[in-house]
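Enquirer: Okay, here's the structure, questions in a sec.
Every read-out reported here was derived from the displayed coordinates using simple, explicitly stated rules and does not represent laboratory data. As the structure is a computational prediction, the values presented were derived from the model and not from experiment. Neighbour counts are summed over all protein chains in view; Cβ atoms, including those assigned to glycine, are modelled from backbone coordinates with ideal geometry.
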């Protein structure tokens with residue numbers, strides 16, 4: 001019995017001293033609780049971003065905006081009256097926009113129907129939430145204006161891309177996620193294994209340089225992920241009625257993403273000592289990025305402060321870029337996201353090449 | 001000294017907090033020789049050899065290989081050097097053939113089918129050239145390691161404990177391979193804790209203990225220098241016999257159940273035999289022998305042997 005207790009005690013100490021044990025036992029559950037709690041609580045300041053184009057000059061549209069502001073769910077911004085709204089939505093890759101027609105106040109004054117239109121991507125959760133909140137706000141407004149008679153009504157219209165399905169939304173997000181997992185996790189664990197089995201030392205005796213090794217892994221990942229993109233898209237197109245399209249820019253983004261995450265994986269790999277700590281480090285970086293970069297849900301659905309966190313996640317730019325090009329056809333915005341991916345990739349590449357050591361200190 | 005292709009002067013390697021793994025050693029290695037660093041585990045052999053290979057930075061001291069600084073001029077040096085690291089592990093999912101081709105590419109050599117097959121033939125892996133490396137035996141893996149370390153036809157080959165953990169046959173095979181390499185004119189730096197290996201293969205031995213070189217020279221010269229005594233071996237008398245001898249004022253050492261009594265000069269043998277014959281001990285056999293490298297080593301560092309391996 002003493003032997004058993006002693007063994008359990010010794011094993012427990014070793015388990016905790018690896019830090020992996022401590023991470024998975026204590027830190028990881030906390031991260032998940034914090035993450036999911038924050039996302040689904042709807043807490044925090046601010047809410048869903050709602051650009052509004054108000055063509056009406058009368059008082060009732062101002063009252064409508066006051067009511068919407070009063071819900072606390074929307075961050076309202078104004079779209080210039082000179083813009084063509086559907087074009088504006090496409091150019092800015094918006095998922096939501098509210099249009100108030102020029103005769104809105106006049107119609108209410110005449111006690112006739114005064115519809116407003118909610119444009120957006122109806123496949124997204126944020127659209128459904130916005131629609132629900134708007135309906136509630138309009139019901140309240142109708143009660144205030146006319147004792148409940150439905151003068152103001154809400155029309156909805158798809159915008160951004162025609163007839164988008166959930167699959168269209170998820171496809172670019174999952175492609176981005178695959179790029180991250182395949183490149184970053186692969187590299188981090190590979191670095192750990194190479195260090196553990198002495199392969200780095202072995203490689204250091206050849207003429208290969210660290211940057212050569214990283215570039216070779218980037219090339220491998222790019223080829224692998226382009227193949228993965230083709231297979232994923234091919235299956236999705238066969239099985240579902242997809243509106244999303246494969247564009248040359250989507251391939252460029254996948255290659256850019258492979259460069260970014262291969263470099264990040266090597267950077268993480270430069271600090272890990274063994275395969276266990278390799279997976280702990282990958283998970284610590286990868287899990288938050290998985291959930292906070294728009295792979296599983298629309299970022300607009302998250303509280304404002306979580307959206308700010310999403311902006312520092314490299315995967316956000318890859319996902320946004322892929323959606324821009326594959327769903328909205330907005331190549332300008334995709335190019336901007338590609339630029340962020342490329343710059344981050346170069347920074348990580350430079351850091352990884354500098355920090356990674358194949359030799360012993 | 002003009003033929004020295006490795007020169008080490010006052011080399012020191014410290015690890016935090018204040019462990020001196022290598023403590024101010026100096027030596028040189030002559031071209032075409034097999035130089036063996038011999039010592040028990042933890043003596044500082046691997047640290048020394050990894051510094052010579054350029055894989056570890058020294059704390060202080062000067063290390064020159066082919067007349068160049070091993071840290072500053074690493075790139076030109078490594079083209080001319082082959083390394084079999086301690087505990088070499090091949091890439092599991094490459095066959096020996098693929099591994100040799102891959103390694104050749106890493107040295108900028110595009111080895112053809114013929115050259116690869118010759119390399120595998122030399123190390124005795126022709127039959128296994130298409131097997132996955134993870135399916136190779138321990139000895140075969142080490143042979144593959146030697147093949148990889150020689151893929152660039154090195155002038156200087158480092159073999160760090162190449163036979164550790166191998167069965168006797170695999171060890172003998174690898175010894176043959178090292179002999180072959182020496183005959184090709186390659187200088188070999190061999191670290192080992194097997195005394196028979198050093199005695200069999202090395203032209204020159206440096207005995208390391210606690211980071212220092214405590215003796216250096218050709219094996220036979222070391223025996224002459226440090227092993228002047230003659231030993232009488234009392235087979236199977238064990239610790240009890242040792243105690244009995246001690247009671248009679250005779251010093252001896254017990255090793256693996258045998259007790260050795262030494263005399264400084266063969267002329268003292270008759271007297272000692274007479275003394276030993278008068279003592280009632282359970283003796284199976286008695287013989288005399290001159291000291292070997294093993295005796296020299298053990299007397300120098302006070303180590304002991306377990307199954308042919310030095311223990312600190």
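Enquirer: Across peptide A:199-211, what mean number of C-beta atoms from other chains lies inside 10 Å of a residue's C-beta?
Expert: On the way: counts 4, 1, 8, 13, 2, 7, 17, 13, 9, 4, 1, 0, 0.
Averaged over the peptide's residues, the number is 6.
Enquirer: Over all directions, how big on average is the projection of the convex hull of the alpha-carbon atoms in the range B:174-266, in square nanometres?
Expert: 8.5
Enquirer: I'm a student and want to see the number: the projected area of the Cα convex hull of the range B:1-146, averaged over all directions, in nm². Please report the intermediate quantities before stating the final value.
Expert: Details: hull surface 41.3 nm².
Result: 10.3 nm².
Enquirer: Evaluate the relative contact order of the range B:82-145 (contact order divided by residue number), counting alpha-carbon pairs under 8 angstrom at least 6 apart; express in whole percent. Intermediate values should be presented prior to the final figure.
Expert: Details: 60 pairs, mean separation 30.9, N = 64.
Here the relative contact order equals 48 percent.
Enquirer: Within the range B:4-221, what percent of beta bridges assigned by DSSP are antiparallel, to the nearest 5?
Expert: Details: 21 of 39 bridges.
If we restrict to bridges inside the range B:4-221, about 55 percent are antiparallel.
Enquirer: What ranking do A:245, B:49 get, fewest neighbouring Cβ atoms within 10 angstrom at the top?
Expert: Numbers: A:245 14, B:49 22.
Lowest to highest Cβ neighbour count: A:245, B:49.
Enquirer: Per the helix-only calculation at 222 nm, which mean residue ellipticity applies to chain B, given -39500 (n - 2.57) for every DSSP H run of n ≥ 4 and division by its residues, nearest 500 deg cm²/dmol?
Expert: Values: 11 runs with 106 residues, N = 312.
Result for chain B, helices only: -10000 deg cm²/dmol.
Enquirer: What does the structure give for B:48-57 when I average, per residue, the other chain Cβ atoms found within 10 Å of the residue Cβ?
Expert: Whole-number average of other-chain Cβ neighbours for B:48-57 is 3.
Enquirer: Tell me, rounded to the nearest percent, the portion of alpha carbon pairs in the range A:166-355 spaced more than 26 Å apart.
Expert: The calculated P(r) of the range A:166-355 puts 31 percent of pairs beyond 26 Å.
Enquirer: Quote the relative contact order of the range A:231-361 in percent (integer), defining contacts as alpha-carbon pairs under 8 Å separated by 6+ residues. Please report the intermediate quantities before stating the final value.
Expert: On the way: 126 pairs, mean separation 48.5, N = 131.
Reported relative contact order: 37 percent.
Enquirer: Let's test the formula: R0 of 25 Å, r as the Cβ-Cβ distance of residue B:268 and residue B:28. What FRET efficiency results, to the nearest 0.05?
Expert: On the way: r = 39 Å, r/R0 = 1.58.
That gives a FRET efficiency of 0.05.
Enquirer: Here's something else I'd like to know. How long are the semi-axes of the equivalent ellipsoid of the range A:48-158, defined as square roots of 5 times the Cα gyration tensor eigenvalues? Whole Å, largest first.
Expert: On the way: eigenvalues 95, 50, 28 Å².
Gyration-tensor ellipsoid for the range A:48-158: 22, 16, 12 Å.
Enquirer: Taking the alpha-carbon set of the range B:1-75, what are its Rg and Dmax in Å?
Expert: Considering the range B:1-75 through its Cα atoms, Rg and Dmax are 12.2, 39 Å.
Enquirer: Which whole-percent values make up P(r) of the range B:115-207 when all C-alpha to C-alpha distances are grouped in 10 Å steps starting at zero?
Expert: Taking every Cα pair in the range B:115-207, the percentages come to 15, 52, 29, 4, 0.
Enquirer: Related question: Report Rg/Rh for chain B, rounded to two decimals, where Rg is the Cα radius of gyration and Rh the Kirkwood radius.
Expert: Working: Rg = 22.6 Å, Rh = 21.4 Å.
Radius of gyration over Kirkwood radius for chain B works out to 1.05.
Enquirer: Roughly speaking, what is the centre-to-centre gap between the range A:153-227 and the range A:237-314 when only Cα atoms are used, to the nearest Å?
Expert: If you average the Cα positions of each part, the centres end up 8 Å apart.
Enquirer: Taking the alpha-carbon set of the protein assembly as shown, what are its Rg and Dmax in Å?
Expert: 37.6, 137
Enquirer: Give me the inter-chain shielding for B:81-93: mean count of other chain Cβ atoms within 10 Å, whole number please.
Expert: Working: counts 1, 1, 5, 2, 6, 2, 2, 4, 5, 3, 4, 1, 0.
Counting other chains' Cβ atoms within 10 Å and averaging over B:81-93 gives 3.
Enquirer: Continuing with the same structure: Test of understanding: ordering A:226, B:29, B:19, A:85 by Cβ neighbours within 10 Å, fewest first, what list do you get?
Expert: On the way: A:226 15, B:29 24, B:19 9, A:85 19.
Least to most surrounded, the residues fall as B:19, A:226, A:85, B:29.
Enquirer: What do you get for the angle between helix B:96-106 and the principal long axis of chain B? Use alpha-carbon atoms, 0 to 90 degrees, nearest ten.
Expert: For helix B:96-106, the angle is close to 70 degrees.
Enquirer: OK, next. Averaged over every viewing direction, what's the projected area of the C-alpha convex hull for the range B:229-290? Give it in nm², one decimal, please. Provide the component values of the computation, followed by the final result.
Expert: Details: hull surface 14.7 nm².
Projected over every direction and averaged, the Cα hull of the range B:229-290 covers 3.7 nm².
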